[in-house]
Amino acid sequence: MPKTSSDPEESPHLHPRRPNELVDLTGWHREYAHAALKTALTPTNVKPKLGRAPIYTPDLMLALITCWCCEHQESLAME
């Protein structure tokens, strides 16, 4: 029969050695380490960031790309 713990602080999902290892590595307080491990196991909803508005219009981008390509070819020819 599995051994049960009467300690309410001990989580059945976390190995008892893990918080001690985290305390030794980080210097955190044991309760803080336990809470950090507990929250690390819960998924959080992350909202995607909205992208920036484009600076250049599509027709201007075509002209800029053409200029950049020509400039790049000229710089290669000078080498």
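In region 1-23, the residue that is modelled with the highest pLDDT out of those that are under 24 Å from the mean Cα position of the chain (by Cα) and not in a loop (DSSP other than H, G, I, E, B) is VAL23. Restricting THR57, THR39 to those that are modelled with pLDDT of 90 or more and open to solvent by less than 100 Å² (accessible area, probe 1.4 Å) reduces the list to THR57. Selection of region 27-36 for residues being open to solvent by 50 Å² or more (accessible area, probe 1.4 Å) and either in contact with a Phe, Trp or Tyr (Cβ under 9 Å, 6 or more places away or on another chain) or in contact (Cβ under 8 Å) with a residue 12 or more places away in the chain (or both) yields only GLU31.
The one condition from (1) in a loop (DSSP other than H, G, I, E, B); (2) at pLDDT 85 or above; (3) out of contact with any Leu (no Cβ under 9 Å at 6 or more places or on another chain) that CYS69 does not meet is (1). The residues of region 60-79 that are among the hydroxyl-bearing types (Ser, Thr, Tyr) and either in contact with an Asp or Glu (Cβ under 7 Å, 6 or more places away or on another chain) or surrounded by fewer than 10 Cβ atoms within 10 Å (Cβ to Cβ) (or both) amount to a single one, SER75.
The values are calculated or read from the model by the stated rules, or taken from the named source; none is laboratory data. From a predicted model like this one, the values you see are computed outputs, not experimental measurements. All Cβ positions, glycine included, derive from the backbone under ideal geometry; neighbour counts span all protein chains shown. All accessible areas refer to the heavy atoms of the entire protein, side chains included, with ligands and DNA or RNA removed. Shrake-Rupley method; radii C 1.70, N 1.55, O 1.52, S 1.80 Å.
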